[in-house]
1. If you take the residues of the stretch 44-71 that are touching a strand residue (DSSP E or B) at 6+ places or on another chain (Cβ under 9 Å) and either among the basic types (Lys, Arg) or more than 15 Å from residue 185 (Cβ to Cβ) (or both), which of them is surrounded by the fewest Cβ atoms within 10 Å (Cβ to Cβ)?
2. Pairs, please: C-beta under 8 Å, at least 6 apart or cross-chain, first residue farther than 14 Å from residue 51 by Cβ and in the stretch 128-147, second charged (D, E, K, R) and surrounded by fewer than 17 Cβ atoms within 10 Å (Cβ to Cβ)?
3. Within the stretch 34-77, which residues are among the small types (Gly, Ala, Ser) and under 18 Å from residue 159 (Cβ atoms)?
4. Could you tell me whether the stretch 155-162 includes any residue that is out of contact with any Cys (no Cβ under 6 Å at 6 or more places or on another chain), within 25 Å of residue 98 (Cα to Cα) and assigned to a loop (DSSP other than H, G, I, E, B)?
5. Which one is nearest to residue 158 (Cα to Cα) among residues in the stretch 197-208 that are surrounded by fewer than 18 Cβ atoms within 10 Å (Cβ to Cβ) and charged (D, E, K, R)?
6. Got a number for residues in the stretch 136-155 being open to solvent by 20 Å² or more (accessible area, probe 1.4 Å) and either of a type in the set (S, T, N, Q) or within 15 Å of residue 43 (Cα to Cα) (or both)?
7. Which members of the stretch 167-195 meet the condition of being of a type in the set (D, E, K, R) and open to solvent by 40 Å² or more (accessible area, probe 1.4 Å)?
Amino acid sequence: MAKSLSAEQAISALRGEGACVVEVGNWRTHNRNSKGPWGPVNGSIVHHTVTKGTAATVRMVRDGYTALPGPLCHGMIAKDGRVHLVGWGRTNHAGGGDPRVLDQVAAESYGTRPTAPTRGNSNGVDGNAHFYGWECENLGDGKDPWPKAQYDAIVRVQAALCRAHGWSAKSVIGHLEWSSDKVDPRGFTMTKLRADVAERLKHPASWNPGSDQEEDPMAGITKRDIYDAVWRTDSMTPPEGRATPDNPTWAPESVLRDAASYAIRAEAAAQRVEAAAARIEAALIGSVDG
């Protein structure tokens, strides 16, 4: 149980996690706070929209419809991975749910077995007061795909909230786990999503999957490249001590001298590459933060 993040804290957390955020209108003050409390919050609920078309979906979740006024979530995660923030505060996304589920999520008390909280009923607790809500653009028919960019954004959004609150991935649930009359999200399992959120939380917020794998420094370099770099460019001794047009003045005593010179130049080049990499990394971090 925690005090809800402010709008500024939320957008900072999302961008810090690498999410591509789109601010929609007056999202910071667009809410249903006049109809009931929001907070303290206990977790985050993932939904699917049963719609297609990003623009139309954003309008729907922001404005709602006759039977259910908007906003219908805090953010809508589109197919392309962009996170459209449409409201902040109480929103109409969770509805009634099971108090047992709320207790388990608040305490993060469910473990490897069961891998999910007890399936909820359709009433009992006002979920709109206790959860962040994230609608995800998908038809929800089990056939509509979840693009990699979209799924990655879902993981990042949930990890951002968990990181900001000090929660584990167990504070993330699906609507179908909150209420027995719901089936969303459909197309991936919440057990899988929680595992991916948990993996992300092991790393800094700036982490990108695969970025911690070392690259092969020789990748893409051919034998011809090595020959040109060593024998031609750096005038090192050719095989069998033969003089070449590129190095016509070779003498046996030059081997160590050339080797030492090459080593010094190689070390200087490595230092220049390292400095350039540091500048590129700083620029990338600055572009993400901006």
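1. Result: 63.
2. The qualifying pairs are 147/80.
3. 43, 44, 75
4. no
5. 199
6. Selection size over the stretch 136-155: 0.
7. 170, 181, 182, 186, 192 - these are the residues of the stretch 167-195 that are of a type in the set (D, E, K, R) and open to solvent by 40 Å² or more (accessible area, probe 1.4 Å).
The values are calculated or read from the model by the stated rules, or taken from the named source; none is laboratory data. All values reported here derive from a predicted model rather than from experimental measurement. With ideal geometry, Cβ positions are generated from the backbone for all residues, glycine too; neighbour counts draw on all protein chains shown. Areas reflect the complete protein model, heavy atoms only, side chains present, ligands, DNA and RNA absent. Shrake-Rupley method; radii C 1.70, N 1.55, O 1.52, S 1.80 Å.
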